[in-house]
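The values are calculated or read from the model by the stated rules, or taken from the named source; none is laboratory data. All values derive from a computational prediction rather than experimental measurement. Note that each Cβ is placed from the backbone with ideal geometry, even for glycine, and that neighbours are counted across all protein chains shown. Only protein heavy atoms, including side chains, enter the accessible area calculation; ligands, DNA and RNA are left aside. Shrake-Rupley method; radii C 1.70, N 1.55, O 1.52, S 1.80 Å.
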Amino acid sequence: MAALLPGSYMAAQDSPAAGRKQIPFNQSSSVPEQPRPPRPPALIDPAGPAVSLQTSEAMFDIAVALNTCGYDKGLADSDPVRQQVRSTVNQAAQQSPLVQDDRDKLCAFIDQHRLASDSLDLAQYVSLGLYLTPPPELTPSVDNQDMPPDSTQVEEVLPLVRKFARDIDLHAIWVQFRPEYDAEVNSLHDPLTQMIVDTNVYLKMPASTSRGSRFVVVLEPMFSPAETNARVYGPDYLVVASPSQGKIRMQDVRHTYLHYEIEPLLYARASSMDRMLPILKTVTDAPIDFVYRSDIVSLVIECMIRAIEARTMDTGVAVVRVPAGLARSEADQYDQQRAVALEKIAAIRQARVNHDMVQGYVLTQYFYNQMIQFEHTPVSLKETIGEMVYGMDVDREVHRARDITFAQQGESDLVRRTPQQPRGLDLAEMKLMKGDAAGAGELAQKSLDDKTADPARAEFILARVDLLSNKMNDAVSAFQETIRLSKEPRMLAWAHIYLGRILDVQQDREAAVAEYKAALTVRDGQPDTKEAAEKGLKQPFELPHQAQSDDDDDSNAPSQPTSSSRPPAAQASPAAAPSPQRR
């Protein structure tokens, strides 16, 4: 009975083997399964400050190895310490045939593992350096499966780096130049602090200090100043930057810091953004990273950040200040000059928005307009961000996006994040979304048998599997078990909604209405839940004809790379309703 899932249709299938075990009520308090959290990089101090600027000897060793083997990018623009370190290393190598042999083997490995672009080539070593213990061990701080994927391609360089570092006494060179590194950190402390203060003043929010997340800037002068590497590893945000004339690309650091502040606010509302999914279909051909063409939450986050950057960018236009005490006749000239300057500023900022829109960040204009209104209110972004998201006229934004002619070539986003392999019920949800009902059901049933996961969530998954398999009675039982076991409002509300739809199909309208009312009583508070329940109260749910469903999918469903190879029902999993572990 797949069409009970919103906007979907699926032909009847053979039912899988029946006989699912039910977990006794007194076992519902077992510890819910949690996905294994990403292991933090080696330089993250859980007891340290929420925001920090630091150096890393492990990253220094990796950077020296690359410089020794021909990494010259940005050398002319780097601060003097980079050339000084290179010269010291080269002199030491010339005096030792053993070090020369180490260097040749090291450089051979690096040459054999070069990637298509210099940026990607550097990025894999930066990812590796962030997860290394300090010398002389210089080993990964986590298991291989928890390492950033790009770093595992070059992890075998470590024995070569360790031998080179030991034979040349690289630690002594680090100690020799540590004062220069410390001086760079000290000179950048105040500008970084000012950027953070200014950003939080604009957002009208205090800097985040208590949510267990870290924002770390790692300074490494041996890399090109033109290359800023930003990473998100679980709750931690890291930026690896290199100075030029004592300055780093602060706009890149600020972009990452905005991710650090804004992402938690929007991920907390992720499950309510499914109504925006039609926007993804408009960016299918946009030259943006795949994540922004496939995940609406990521697209919303990036568009909001770019809107904030446009509103706060330094346009280079000076605004004339009217001197105090001038007569009105004398002040008119200043007012005219001020108006001209403000028009120039507005035009520069709008040009920035237009650039982002043609790149594919199609909600930037919407959030740019919202931020103008936000600036004239006393409330913080945290207090008003929900209204910005929930108040969006999606149809209007879809039409706006359809009128855009996208650029031929795009710009990859600065921030990269480590993909996490889903496990347990998270993996079951993913399989269900891809149309693998049997796989999802097997994982959910296993979690019940092993008593390792949240039984309510497992039952909720199994109920949807039963719908896909036309096992309506089993689906009813599983939804009822969900209601009995769950305390999560969104899951409860949608279980009632699905029961109401089943009862409508069975032509038991009175009982169906009771379920829709129960869904509203739960007070999930999300617009899509309220809309679905109220629609059920207004008119009975009906199974659509396949042709009608196909039309609906064509007009509303976001384009997905594999949508043609999986059942349409996979696009309507109520994971789109309760999705409590989106990140």
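Within the stretch 253-264, work out how many residues are surrounded by fewer than 18 Cβ atoms within 10 Å (Cβ to Cβ) and either charged (D, E, K, R) or over 27 Å from LEU128 (Cα atoms) (or both).
Narrowing the stretch 253-264 to residues surrounded by fewer than 18 Cβ atoms within 10 Å (Cβ to Cβ): 264.
Okay, now just the ones that are also either charged (D, E, K, R) or over 27 Å from LEU128 (Cα atoms) (or both), so none.
Of the residues in that region, 0 qualify.
Tell me which of these SER187 doesn't satisfy, since it passes every other one: (1) more than 24 Å from the chain's Cα centre (by Cα); (2) assigned to a helix (DSSP H, G or I); (3) surrounded by 16 or more Cβ atoms within 10 Å (Cβ to Cβ).
Condition not satisfied by SER187: (3).
Please work out which residue is modelled with the lowest pLDDT, limiting yourself to the stretch 99-127 and to residues that are of a type in the set (S, T, N, Q) and open to solvent by 50 Å² or more (accessible area, probe 1.4 Å).
Taking the stretch 99-127 first, the residues of a type in the set (S, T, N, Q) are 100, 112, 117, 119, 124, 127.
Filter again for open to solvent by 50 Å² or more (accessible area, probe 1.4 Å), leaving 100, 112.
On the way: GLN100: 97, GLN112: 94.
The selected residue is GLN112.
Could you grab me the full set of residues in the stretch 213-242 that are in contact (Cβ under 8 Å) with a residue 40 or more places away in the chain and of a type in the set (Gly, Ala, Ser)?
Across the stretch 213-242, the qualifying residues are SER213, SER224, ALA226, ALA230, GLY234, SER242.
Only one residue in ALA478, ALA407, ALA456, ALA463 is of a type in the set (A, V, I, L, M, F, W, C) and surrounded by fewer than 18 Cβ atoms within 10 Å (Cβ to Cβ), so which one is that?
Numbers: ALA478 fails: surrounded by fewer than 18 Cβ atoms within 10 Å (Cβ to Cβ); ALA456 fails: surrounded by fewer than 18 Cβ atoms within 10 Å (Cβ to Cβ); ALA463 fails: surrounded by fewer than 18 Cβ atoms within 10 Å (Cβ to Cβ).
Going through ALA478, ALA407, ALA456, ALA463 in turn, just one is of a type in the set (A, V, I, L, M, F, W, C) and surrounded by fewer than 18 Cβ atoms within 10 Å (Cβ to Cβ): ALA407.
Only residues that are open to solvent by less than 70 Å² (accessible area, probe 1.4 Å) and in a helix (DSSP H, G or I): list them for the stretch 198-223, please. Before the answer, list the steps.
Just the residues of the stretch 198-223 that are open to solvent by less than 70 Å² (accessible area, probe 1.4 Å), to begin with: 199-200, 202-205, 207-208, 212-223.
Within the stretch 198-223, THR199, ASN200, TYR202, LEU203 meet the criteria.
Looking at (1) among the small types (Gly, Ala, Ser); (2) more than 25 Å from the chain's Cα centre (by Cα); (3) assigned to a loop (DSSP other than H, G, I, E, B), can you tell me which one GLY435 breaks?
For GLY435, the failing item is (2).
Among the numbered criteria (1) without any contact (Cβ under 8 Å) to a residue 12 or more places away in the chain; (2) in contact with a strand residue (DSSP E or B) (Cβ under 7 Å, 6 or more places away or on another chain), which single criterion is violated by ALA268?
ALA268 satisfies all of (1) without any contact (Cβ under 8 Å) to a residue 12 or more places away in the chain; (2) in contact with a strand residue (DSSP E or B) (Cβ under 7 Å, 6 or more places away or on another chain) except (2).
Looking for whichever is over 30 Å from GLN145 (Cα atoms) and either touching a Leu at 6+ places or on another chain (Cβ under 6 Å) or of a type in the set (A, V, I, L, M, F, W, C) (or both) here; the options are MET433, MET371. Which one fits? Let's see the steps before the verdict.
Working: MET433 fails: over 30 Å from GLN145 (Cα atoms).
It is MET371.
Regarding SER141, is this residue touching a Phe, Trp or Tyr at 6+ places or on another chain (Cβ under 7 Å), open to solvent by 10 Å² or more (accessible area, probe 1.4 Å) and either of a type outside the set (Ser, Thr, Tyr) or in contact (Cβ under 8 Å) with a residue 12 or more places away in the chain (or both)?
On the way: touching a Phe, Trp or Tyr at 6+ places or on another chain (Cβ under 7 Å): yes; open to solvent by 10 Å² or more (accessible area, probe 1.4 Å): yes; either of a type outside the set (Ser, Thr, Tyr) or in contact (Cβ under 8 Å) with a residue 12 or more places away in the chain (or both): yes.
Spelling it out, SER141 is indeed touching a Phe, Trp or Tyr at 6+ places or on another chain (Cβ under 7 Å), open to solvent by 10 Å² or more (accessible area, probe 1.4 Å) and either of a type outside the set (Ser, Thr, Tyr) or in contact (Cβ under 8 Å) with a residue 12 or more places away in the chain (or both).
Among what's in the stretch 144-161 and is open to solvent by less than 40 Å² (accessible area, probe 1.4 Å) and without any contact (Cβ under 8 Å) to a residue 40 or more places away in the chain, pick the residue that is nearest to ALA65 (Cα to Cα).
Residues of the stretch 144-161 open to solvent by less than 40 Å² (accessible area, probe 1.4 Å): 146-148, 151, 154, 157-158, 161.
Adding the requirement that they be without any contact (Cβ under 8 Å) to a residue 40 or more places away in the chain leaves 147, 151, 158.
Working: MET147: 20, SER151: 15, LEU158: 10 Å.
Here the answer is LEU158.
Is it the case that ARG338 is surrounded by 13 or more Cβ atoms within 10 Å (Cβ to Cβ), over 30 Å from GLY234 (Cα atoms) and either free of Cβ contacts under 8 Å to residues at least 12 places away in the same chain or of a type outside the set (A, V, I, L, M, F, W, C) (or both)? Let's see the steps before the verdict.
Values: surrounded by 13 or more Cβ atoms within 10 Å (Cβ to Cβ): yes; over 30 Å from GLY234 (Cα atoms): yes; either free of Cβ contacts under 8 Å to residues at least 12 places away in the same chain or of a type outside the set (A, V, I, L, M, F, W, C) (or both): yes.
For ARG338, the condition - surrounded by 13 or more Cβ atoms within 10 Å (Cβ to Cβ), over 30 Å from GLY234 (Cα atoms) and either free of Cβ contacts under 8 Å to residues at least 12 places away in the same chain or of a type outside the set (A, V, I, L, M, F, W, C) (or both) - is met.
Against the condition within 19 Å of the chain's Cα centre (by Cα) and β-branched (Val, Ile, Thr), how does ILE308 come out, does it pass?
Details: within 19 Å of the chain's Cα centre (by Cα): yes; β-branched (Val, Ile, Thr): yes.
Criteria met by ILE308.
Got a number for residues in the stretch 40-68 being under 26 Å from the mean Cα position of the chain (by Cα), among the charged types (D, E, K, R) and modelled with pLDDT of 95 or more?
Pass one, the stretch 40-68, residues under 26 Å from the mean Cα position of the chain (by Cα): 40-56, 59.
Then drop every residue that is not among the charged types (D, E, K, R), which leaves 45.
Cutting the leftovers down to modelled with pLDDT of 95 or more gives us none.
Residues in the stretch 40-68 being under 26 Å from the mean Cα position of the chain (by Cα), among the charged types (D, E, K, R) and modelled with pLDDT of 95 or more: 0 in total.
Within the stretch 503-522, does at least one residue satisfy the condition of being exposed (fewer than 14 other Cβ atoms within 10 Å of the Cβ), closer than 22 Å to ARG457 by Cβ and not acidic (Asp, Glu)?
yes
List the helices (runs of 4 or more DSSP H) that sit entirely inside the stretch 466-583 and contain at least 3 residues that are modelled with pLDDT of 90 or more, within 30 Å of the chain's Cα centre (by Cα) and within 30 Å of LEU265 (Cβ to Cβ). Give the steps one after another, and end with the answer.
Working: elements: 472-485, 489-505, 509-521, 527-538, 546-556.
Per the criteria, 489-505.
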